[in-house]
Each structure stands twice: as C-alpha cells, then as structure tokens.
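The values are calculated or read from the model by the stated rules, or taken from the named source; none is laboratory data. All values reported here derive from a predicted model rather than from experimental measurement. Positions of Cβ are backbone-derived with ideal geometry, glycine not excepted, and every protein chain shown enters the neighbour counts. The area values use the complete protein model at the heavy-atom level, side chains included, leaving out ligands, DNA and RNA. Shrake-Rupley method; radii C 1.70, N 1.55, O 1.52, S 1.80 Å.
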Amino acid sequence: MPQATATAAEGTRDGAESAGGAAGAGAGPRVGVGTGTAPAQGSDFAPLLRAVKGQGLLERRTGWYAAGIAVNLVALGAVITGMVLLGNTWWTLLLALPLAIFWSRTAFVGHDAGHAQITGDRGAGRAIGLVHANLLLGMNEAWWNDKHVRHHANPNHIDKDPDVGVGALVWTQKQAAQREGFARWLTRNQARLFFPMLLLEGIALKISGFQYLRQQPARERALSALLLVAHLGLYATLLLTVLSPGKAIVFALVHHALFGLHLGMAFAPNHKGMEMPDPDGERWGHLQRQVLTSRNVRGGILTDWFLGGLNYQIEHHLFPSMPRPHLRLAQPMVRAHCESLGMPYAETGLIESYRQALRHMHEVGEPLR
C-alpha cells in the first residue's frame, strides 16, 4: 500500500467523524482566525467534504492518468531517441533540459500514485509508483511516501513535519539560533542560496532513497534496491553509449541540476512562509490545519502543467486522493467555504509565491546577520 494513501484516509476520517457530531480533539476549533471565536461542536470540514463528494470530485480519473502517462513515456522516448541520433556531441547537452522536464512529469505521476489518485487498487498504485519513482527516476518511492505522509498529516508543524525539520535549511529563528560554524553561515544566507541549492536536489533525492533502504522490510528493500540499481545501470548505459565519459558526466550533472531545480520550483511555493502551528498550542482541526499552512498559486493551464497541479495546494491537502484534474474544479467550492467561515485562503502569483517564501527564509536568518 502506498503509504501516502494513509493521509487521504486520515483527512476523510477527520471529516467523517466530525460530520457525525463528534466534538473534542479530533474536531478541532471552529475558525474565525484571529477573531477569538470559541471552539464549536462538530467539524467545519464535514459540509465541504459532503459537497465535494456530491459533485463526484473524489472519483478517480484512471483514463486521464493513463493518457498522461502514455504521453509522458512517449516524450521520454523521443528525448532519448534524440540523444542517440545526435550522438557524441556537446549539442546533446541541450536535451538535458527536456529530459529534466519530463522527469519532473514522471515525479508528479509517482506523487499522485502515492496518494491513490490514479487507482483504488493498492497493488496497481504501488506498481505505478515503483516504476515511475524507483525505475525511471532512481528515487525510492517508499522513502518519499514515508516522508510525504508525515508532511500531509501535520504540515508546517515543527515537531512532526519533516519538511520543516533542521536540514541544510531551517525554518524558524529558534532552529537558526542553534546553528554553528558553516551551518550558521548557510542559515545567514539561506534565502539567496535557496535556488542555487536546488541544483543539488536531484542528486540528494537519489542518495536519500538509498539511505532509506535500511529502514525497509527485507522483501520490500530487495525490490526497491533492485529497481534503484537497475535505474542507475540503464542511465549510465544510455549516457556512456551515446557520449564520451567526460560529456556523459557533464550531461548527468546538468540534467540532475535542472531536474532538482524544477521540482524545487514546484514545491517551494506550497508552504514556505505560511502559518506554522504552535507545538504547545491548541490542536487544529483538519480544515484549519491544511488551509492555513498552504498557499495556492494562481494561473492557467501552463501553470497547472508546470507545477503538476500542486498549485492547488490547499485543495490537494484537504483532499489528498482527489485526482489532479479535479483540483481546479474543487477550488471555487473550497474558497467559498473558507470565506463563509472567515478563514484566510492564501492565493498568489507564481513570482510572488517565491518572494514570500524567500522573505520567510531571510527573516529566519536575520538574527544571525
């Protein structure tokens, strides 16, 4: 079972239990954000969940995904064919860009498979994830799903969301105050270094995937490792068959740099600079927990394509198993529901989303300057 599926189940249970009138810790406070509104019985998420279900927006679009996967595989095949036809020339390096773009499309498919957006069949969903993540990208889908499900359950929660834990970057001034040596310098300059650091993300994803193997059960570890090693073998064979060793190394570095940059540009706008729940404060309900910590990016079809549907981050977090093409359809319902509750609904342009994220990173490092 793709582990991220559990996130979808968690969100649905939250709404379903609250819809039944359950009060207490699972339901969370009724928002009125910043107005001092007292907690109310029931869940503010339940009516929205019923409305979304009533519109059929949680029904899967397997045909849509099948067509998209086929187109992406054809595109990958076309790029590889182009590499073979160009041969051992520096001009082949130009194909690192389209290959990175279609690798990102592949990663988006793996992401959606992990959320059970593509199919309700657990085995088929995991197979899609393994092929797209482990085999085609060399990224361990078990590592990604484990990390991602914890993020979805508690986005921007400093103690529970691995995406805001201490790493190369930090996300609170408290984290920053504990940095020493080179890490302190890095934090001091993290806003200006953020996009350059994304150039390393494509390689970092592979390394993290291999490191996670030791945490997997033996049988699962064997399959994951086999596919990861197969990816490396196929990738190296392609490059060394087409290019000289020197050109192959340059191609691999440029390709992975562009891939990491693209993925980072898709994920960076989603939560950075948004609300971060107080670990010692009142537990938020599902609606509050997902909406206040997420930011949407407005735009048209091109934005949807470039960001893999993650520009509808609020809707995706509220309904993780909702198929990607339905997120745009759910957006007006979610926005209207939030407005009726007086709950902020964050949406901005793509450039402004980066500016807000970078401003937050700059403010975190401010005490060290």
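Before moving on, here are some points about what is shown:
- Filtered by the rule that a residue be in a loop (DSSP other than H, G, I, E, B) and open to solvent by less than 90 Å² (accessible area, probe 1.4 Å), segment 43-60 gives Ser43, Asp44, Phe45, Gly56, Leu57, Leu58.
- Residues in segment 239-272 that are within 16 Å of the chain's Cα centre (by Cα), touching a residue at least 60 places away in the same chain (Cβ under 8 Å) and not in a helix (DSSP H, G or I): Ala268, Pro269, His271, Lys272.
- Among residues of segment 121-146 that are aromatic (Phe, Trp, Tyr), those with a beta-carbon under 6 Å from a residue that is modelled with pLDDT of 95 or more at least six positions away or on a different chain give the pairs Trp143/Ser208; Trp143/Gly209; Trp143/Tyr212.
- Test: Gln178 is open to solvent by 20 Å² or more (accessible area, probe 1.4 Å) and of a type in the set (S, T, N, Q): yes
- Within segment 286-304, considering residues that are touching a Pro at 6+ places or on another chain (Cβ under 8 Å) and outside any loop (DSSP other than H, G, I, E, B), the one farthest from Ser104 (Cα to Cα): Gln288
- Among the residues examined, Arg184 qualifies as farther than 19 Å from Ala357 by Cβ, open to solvent by 40 Å² or more (accessible area, probe 1.4 Å) and touching a residue at least 60 places away in the same chain (Cβ under 8 Å).
- Helices (runs of 4 or more DSSP H) contained in segment 168-238 and holding at least 3 residues within 22 Å of His256 (Cα to Cα), at pLDDT 95 or above and of a type in the set (Gly, Ala, Ser): 201-212
- Residues in segment 305-332 that are open to solvent by less than 10 Å² (accessible area, probe 1.4 Å) and either assigned to a helix (DSSP H, G or I) or in contact with a Phe, Trp or Tyr (Cβ under 8 Å, 6 or more places away or on another chain) (or both): Gly308, Gly309, Leu310, Gln313, Ile314, Glu315, His316, His317, Leu318, Pro323, Leu327, Ala330.
- Some residue of segment 62-79 being among the small types (Gly, Ala, Ser), under 20 Å from the mean Cα position of the chain (by Cα), within 24 Å of Leu263 (Cα to Cα) and not in a helix (DSSP H, G or I): no
- Among the residues of segment 334-349, those identified as closer than 29 Å to Thr62 by Cα and either under 19 Å from the mean Cα position of the chain (by Cα) or open to solvent by 50 Å² or more (accessible area, probe 1.4 Å) (or both) are Arg335, Ala336, Glu347.
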